Amino acid sequence: METADRLVSLAAIHDARERIADRVHRTPMLASATAARVLRAAGGPGLADEALYVKADHLQKTGSFKARGMSNRILTLSDAAKRAGVITVSAGNAAQACAWAARAAGVPATVIMPEGAVRSKHDACLGYGADVIIHGSHVGEMFAEQERLSAEHGYTFVHPFDDPELIAGHGSAGLEILDDLPDVDVVVVPVGGGGLISGIATAVKESRPATRVYGIEPAGANAMRLALDAGEPVRIQPRTVADGLSAPFAGEWTLAAARRYLDDVIAIDDATILGGLRFALERMKQVLEPAGAAALAAVLFGKVPVREGETVCVVASGGNVEVGRIGQLLEAAAPLPVAGD
């Protein structure tokens with residue numbers, strides 16, 4: 001299959017948006033004057049106080065953007081597949097979204113989570129009615145168990161990030177960004193397996209080609225950057241505090257979108273990511289998980305090329321953080337440049 005055959009169309013994203021509209025939130029766009037001032041204090045460009053925005057998808061159903069794509073994927077299943085049920089593999093957010101979307105559609109769901117999965121995410125999957133299986137310490141073991149169970153029970157595998165219907169659903173967030181910020185110059189998106197940025201970048205670039213789109217990865221989980229450099233997916237062993245960005249490889253569909261639409265993929269360290277989490281909590285009163293704070297952190301610390309007078313949108317992708325860990329995460333955060341109110 002050629003790269004062009006793995007690209008989701010803008011029409012498919014519009015269709016997905018309409019399909020899931022009554023099931024997911026139309027999340028708000030938050031403005032942060034203090035964030036613009038922090039960037040100036042870091043020696044960055046002179047953004048206007050109302051020129052740095054946060055697409056608040058941490059306020060989405062299930063606490064992350066994953067509800068968008070999972071809803072679209074499950075709603076596009078055949079009737080036979082819906083009756084048989086679905087299965088996914090995930091450390092947390094995709095599992096929660098799959099469980100929630102499946103229950104909403106009346107579809108049985110099984111989720112496989114790794115040993116050591118965040119307890120709150122495990123409990124949320126149970127609360128949404130899914131059968132939760134804890135299996136394996138790495139993705140290879142989890143995928144092998146998924147294949148065994150799918151063959152045994154006839155489940156449809158719902159990929160956590162590398163699926164065209166999933167990507168189309170995530171692209172609805174990009175359409176909403178353009179609705180709120182039709183002249184946006186820069187969009188910054190966190191990257192794990194690449195499903196979110198594939199959808200957003202497609203929606204944005206196909207609608208407004210001049211807008212630059214940057215992906216942000218943890219330095220210890222840079223699967224997309226490695227895939228772009230190699231020209232094919234590269235398996236890694238992720239090591240990052242941002243478990244929501246710890247995909248062990250980029251997908252075929254997501255790599256194709258990244259090659260077509262992204263201006264760059266930038267890696268940042270965990271302390272920087274946590275600096276963004278701390279800023280969101282202290283200055284914006286928003287609770288983000290580390291993965292959800294990565295794009296904001298990259299801009300605040302001057303890692304993203306932004307020009308004088310531009311309008312910037314960062315995507316806050318998730319807020320499913322364990323409350324008991326917040327103090328520990330804040331202590332490990334890199335300090336931001338001081339900015340006055």
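The values are calculated or read from the model by the stated rules, or taken from the named source; none is laboratory data. Because the structure is a prediction, the values reported are computed rather than measured. For neighbour counting, all protein chains shown are included, and Cβ atoms are generated from backbone atoms with ideal geometry for every residue, glycine included. Note: accessible area is taken over every heavy atom of the protein model, side chains too, but ligands, DNA and RNA are not part of it. Shrake-Rupley method; radii C 1.70, N 1.55, O 1.52, S 1.80 Å.
Residue-level check: of (1) touching a Lys or Arg at 6+ places or on another chain (Cβ under 6 Å); (2) open to solvent by less than 30 Å² (accessible area, probe 1.4 Å); (3) modelled with pLDDT of 95 or more, G92 misses just (3). Kindly indicate whether any position in the range 216-237 is in contact (Cβ under 8 Å) with a residue 40 or more places away in the chain, touching a helix residue (DSSP H, G or I) at 6+ places or on another chain (Cβ under 7 Å), part of a helix (DSSP H, G or I) and within 19 Å of I13 (Cα to Cα). Within the range 216-237 (the criterion being in contact (Cβ under 8 Å) with a residue 40 or more places away in the chain, touching a helix residue (DSSP H, G or I) at 6+ places or on another chain (Cβ under 7 Å), part of a helix (DSSP H, G or I) and within 19 Å of I13 (Cα to Cα)), the answer is no, since none of the residues qualifies.
In the range 58-65, is there at least one residue being part of a strand (DSSP E or B), aromatic (F, W, Y) and modelled with pLDDT of 85 or more? No; the residues of the range 58-65 include none that is part of a strand (DSSP E or B), aromatic (F, W, Y) and modelled with pLDDT of 85 or more.
Of all residues in the range 273-314, those that are in contact with a strand residue (DSSP E or B) (Cβ under 6 Å, 6 or more places away or on another chain) and free of Cβ contacts under 8 Å to residues at least 12 places away in the same chain total 0. Taking the condition without any contact (Cβ under 8 Å) to a residue 12 or more places away in the chain and either at negative phi or crowded, with 20+ Cβ neighbours inside 10 Å (or both), does G319 pass? Spelling it out, it is not the case that G319 is without any contact (Cβ under 8 Å) to a residue 12 or more places away in the chain and either at negative phi or crowded, with 20+ Cβ neighbours inside 10 Å (or both).
Taking L166, is it surrounded by fewer than 22 Cβ atoms within 10 Å (Cβ to Cβ) and of a type outside the set (D, E, K, R)? So L166 fails the test. Within the range 257-297, the residues that satisfy the criterion of being crowded, with 22+ Cβ neighbours inside 10 Å and in contact with a Lys or Arg (Cβ under 6 Å, 6 or more places away or on another chain) are V265, I268.
Quick check, is E141 assigned to a helix (DSSP H, G or I) and at pLDDT below 95? Here the answer is yes, as E141 does meet what is asked. Only a single criterion out of (1) hydrophobic (A, V, I, L, M, F, W, C); (2) without any contact (Cβ under 8 Å) to a residue 40 or more places away in the chain; (3) within 27 Å of A227 (Cβ to Cβ); (4) open to solvent by 10 Å² or more (accessible area, probe 1.4 Å) is not satisfied by I112, namely (4). On the stretch given as the range 276-292, residues that are within 19 Å of D243 (Cα to Cα), of a type in the set (A, V, I, L, M) and in a loop (DSSP other than H, G, I, E, B) total 2.
What do you reckon, is R259 modelled with pLDDT under 95 and not polar (S, T, N, Q)? Walk me through how you get there before you give the answer.
Working: modelled with pLDDT under 95: no; not polar (S, T, N, Q): yes.
So R259 fails the test.
Entry remark, the range 169-184: residues being touching a residue at least 40 places away in the same chain (Cβ under 8 Å) and either among the hydroxyl-bearing types (S, T, Y) or open to solvent by 40 Å² or more (accessible area, probe 1.4 Å) (or both) number 3 in total. Of all residue pairs spaced 6 or more apart or on separate chains, those with beta-carbon atoms under 8 Å, a first member in the range 124-137 that is open to solvent by less than 50 Å² (accessible area, probe 1.4 Å) and a second member that is part of a loop (DSSP other than H, G, I, E, B) are A124/N320; G136/P114; G136/E115.
In this structure, does D264 turn out to be over 15 Å from the mean Cα position of the chain (by Cα), of a type outside the set (A, V, I, L, M, F, W, C) and under 12 Å from V191 (Cα atoms)?
yes
Among the residues examined, R103 does not qualify as open to solvent by less than 50 Å² (accessible area, probe 1.4 Å) and either at pLDDT 95 or above or among the hydrophobic types (A, V, I, L, M, F, W, C) (or both).
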